1. Out of (1) touching a His at 6+ places or on another chain (Cβ under 9 Å); (2) of a type outside the set (Gly, Ala, Ser); (3) surrounded by fewer than 17 Cβ atoms within 10 Å (Cβ to Cβ), the odd one out for Asp176 is which?
2. Just for helices (runs of 4 or more DSSP H) wholly inside the range 36-85: which have at least 3 residues that are over 28 Å from the mean Cα position of the chain (by Cα)?
3. Going through the range 62-72 one residue at a time, which ones are more than 21 Å from Ala129 (Cα to Cα) and open to solvent by 20 Å² or more (accessible area, probe 1.4 Å)?
4. Can you name every residue in the range 66-99 that is touching a helix residue (DSSP H, G or I) at 6+ places or on another chain (Cβ under 6 Å), closer than 15 Å to Leu10 by Cα and of a type in the set (Gly, Ala, Ser)?
5. Give the number of residues within the range 79-100 that are within 19 Å of Thr233 (Cβ to Cβ) and surrounded by fewer than 19 Cβ atoms within 10 Å (Cβ to Cβ).
6. Please tell me if Ser152 is among the hydroxyl-bearing types (Ser, Thr, Tyr) and closer than 16 Å to Gly96 by Cα.
7. Which residues, taken from the range 257-274, are outside any helix (DSSP H, G or I) and open to solvent by 100 Å² or more (accessible area, probe 1.4 Å)?
8. From the residues in the range 222-252 that are surrounded by 17 or more Cβ atoms within 10 Å (Cβ to Cβ) and in contact (Cβ under 8 Å) with a residue 60 or more places away in the chain, which one is nearest to His187 (Cα to Cα)?
Amino acid sequence: MTKHILIIGLGLIGGSLAKALQRNKDIHVAGYDASALTARKAFKMGIIHSSPPSLEQAAAEADVIVFATPVGATIKLMEQSKYWNLKDDVILTDTGSTKLQIMEASKKLKHLFIGGHPMAGSHKSGVEAAKEVLFENAFYILTPDEKTDEKSLQLLKDLLSVTKAKIKVLAAEEHDHMTAVVSHFPHLIAASLVHQLDQEDKFPFARQLAAGGFRDTTRIASANPEMWRDITTQNNAMIVHQLDNWMQQMEQLKEMLQTNDPEPIEQFFNHAKIVRDELPIAGHGAMFSVFDLYIDIPDVPGIISELTGYLAEEQISIVNIRILETREDVFGILVISFQTNEDRTRAQKCISTRTVYDTYIS
């Protein structure tokens, strides 16, 4: 029996989810977007099976409704859904990056709602960037509440299994706390580091030196400002808590530096190195990440075209490529970024086999 899925919001996440769900031949994926042009484009590209003329009509036919919209828009749509003629056993879910506000809003609904957050992204956006492999090996968090029965939760898990994501079940508070630690708060720190660099008027050459490790450290500060405004305001309490902890640690670090005893300073860096080196390097985490390969190459004409030519011959797709003008504490002068760990592994093998250049994964 065919299950009808409605995805509301056909951007990168909604479009990619629609494409991935089509791996199940017993599923009909309808798509709706506030932009009629986007919906028509998604249909013509084969991202969705149908583009219903009205949201209410599509919702009435759906067995599962996915709100693939920003959290603020999702909460408004959840409020509207009270007036839709929905099936009694319909399951509502979302893809938002914060969960407490969403789950609080779901308490007012008559139908079952299970929070969701696929932890995947891309350097591109919009329905044109949708790809069915986006969620493979990424964590997909589900946040049911006390009203969620095991049968419905399992049904949603089974539905999402074709995405090949690693599906985990967490409480909404647990989700928001952990994403504050490893995603939301680091974005604030990255942005603050860039602001600090921007204040360095006395030594303008500092911006040139920032082309190396500083640029890599603050990469996430280039993320969409409107999206991060919303995430920060929605998970405000958790982020403020992390900021309090961090400021306390910075005070301790300041005292350590003022004392200027080499041993505790070395211990501080040593402990950070141990913890960082133990972090997994494969798979997706809470933040969108690419898989970087560092390559030591000579600075001679034609060297980059040589390497990219080898990768092209072996059908290895790259996300980004850049030259490091400064290399303080960084291996390699060339950095090539890949969408998946598998692509990076294949690229490292390709370059190691076909050249004499050293490669590193940091």
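The values are calculated or read from the model by the stated rules, or taken from the named source; none is laboratory data. Just so it is clear, the structure is predicted and the values come from calculations on it, not from any experiment. Here the Cβ is made from the backbone with ideal geometry for all residues, glycine too, and neighbour counts use every protein chain on show. Protein only, heavy atoms only, side chains kept; ligands, DNA and RNA dropped before computing areas. Shrake-Rupley method; radii C 1.70, N 1.55, O 1.52, S 1.80 Å.
1. All conditions are met except number (3).
2. Correct list: 55-61.
3. Asp63, Gly72
4. Once the filter is applied, which keeps residues that are touching a helix residue (DSSP H, G or I) at 6+ places or on another chain (Cβ under 6 Å), closer than 15 Å to Leu10 by Cα and of a type in the set (Gly, Ala, Ser), the range 66-99 yields Ala68, Gly96.
5. Within the range 79-100, residues that are within 19 Å of Thr233 (Cβ to Cβ) and surrounded by fewer than 19 Cβ atoms within 10 Å (Cβ to Cβ) number 1.
6. In short, no.
7. Asn260
8. The extreme case among them is Ile231.
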